[in-house]
Amino acid sequence: MPTYDALQYDPPAPMASVSLREINGREAVSDVILLLDTGADITLLPRKAVERLGVKPVSGAEYELLGFNGTKTMSQAVELDMFFLKRAFRGRYLITDAEHGVLGRDILAAVVILLNGPGKEWSEHHYRNLITTTELYLPDSCPLLITSRSNPRTVTYGTYPFSLDRL
C-alpha cells in the first residue's frame, strides 16, 4: 500500500511511485517518487528521472510557475507517458529540480483516492465502491448525513469505526 513521507514532511504527506516512458518508446524509468498534491494544478517530474529516461525538453516551451508563497520560477516541459495506478497518462509535464516531483490535479482529477492520514497510507477506490466499503472514523454518537440519490437521511452511530456497508 502506498505510504506517507514523515521524514521530509510534518505533518506526513502522501507519496506515490510512478513510471515514466518516452511516447511510443520501450524503455521506462520506474519508482519515480511524487508528492500527491491536490493543491497543485499540474504535475511536475524530477529532472533526474527525466534525464535517466533520456527525454529532451520540448524546444521553446517554458512555463512560469507561481508558488503558494508568491515566488515565480520558470520550468521546461517534456512530453511522455506516465503510469500511475495501472493507467497510462500521456501528456506534457513540467520539470522540477527537486528530489521528488508533484502529482497534481491534472492527474488526480482522473482517479479516486482515499487518504488515511492516521494510518499514513492511501489507496485507490473505485466510485462504485465508495458508498459500500468506505470506513469512516467519527467520534461516538456523531450525526452523519448520508445522502443517496433517492433518500437523504441522518444516521447516528454510537461506536466507531463503522463501515457504510452496514447501512
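Taken over the range 31-55, residues that are of a type outside the set (A, V, I, L, M, F, W, C), in contact with a strand residue (DSSP E or B) (Cβ under 6 Å, 6 or more places away or on another chain) and open to solvent by 60 Å² or more (accessible area, probe 1.4 Å) amount to 3. Selection of the range 41-61 for residues being part of a loop (DSSP other than H, G, I, E, B) and within 16 Å of residue 91 (Cα to Cα) yields 41, 42, 43, 55, 56, 57, 58, 59, 61.
Scanning the range 92-101 for residues that are farther than 14 Å from residue 52 by Cβ and open to solvent by less than 20 Å² (accessible area, probe 1.4 Å) turns up 93, 94. Scanning the range 119-131 for any residue that is polar (S, T, N, Q), modelled with pLDDT under 90 and either farther than 25 Å from residue 68 by Cα or open to solvent by less than 40 Å² (accessible area, probe 1.4 Å) (or both) turns up at least one such residue. Residues in the range 1-29 that are assigned to a loop (DSSP other than H, G, I, E, B), among the aliphatic types (A, V, I, L, M) and either surrounded by 14 or more Cβ atoms within 10 Å (Cβ to Cβ) or over 16 Å from the mean Cα position of the chain (by Cα) (or both): 3 in all. Of all residues in the range 62-83, those that are free of Cβ contacts under 8 Å to residues at least 60 places away in the same chain and open to solvent by less than 10 Å² (accessible area, probe 1.4 Å) total 3.
The values are calculated or read from the model by the stated rules, or taken from the named source; none is laboratory data. A quick note: this is a predicted structure, and the numbers were derived from the prediction, not measured. Every residue, glycine among them, receives a Cβ derived from its backbone with ideal geometry; neighbour counts consider all protein chains shown. Side chains are part of the model used for accessible areas, which takes the heavy atoms of the whole protein and leaves out ligands, DNA and RNA. Shrake-Rupley method; radii C 1.70, N 1.55, O 1.52, S 1.80 Å.
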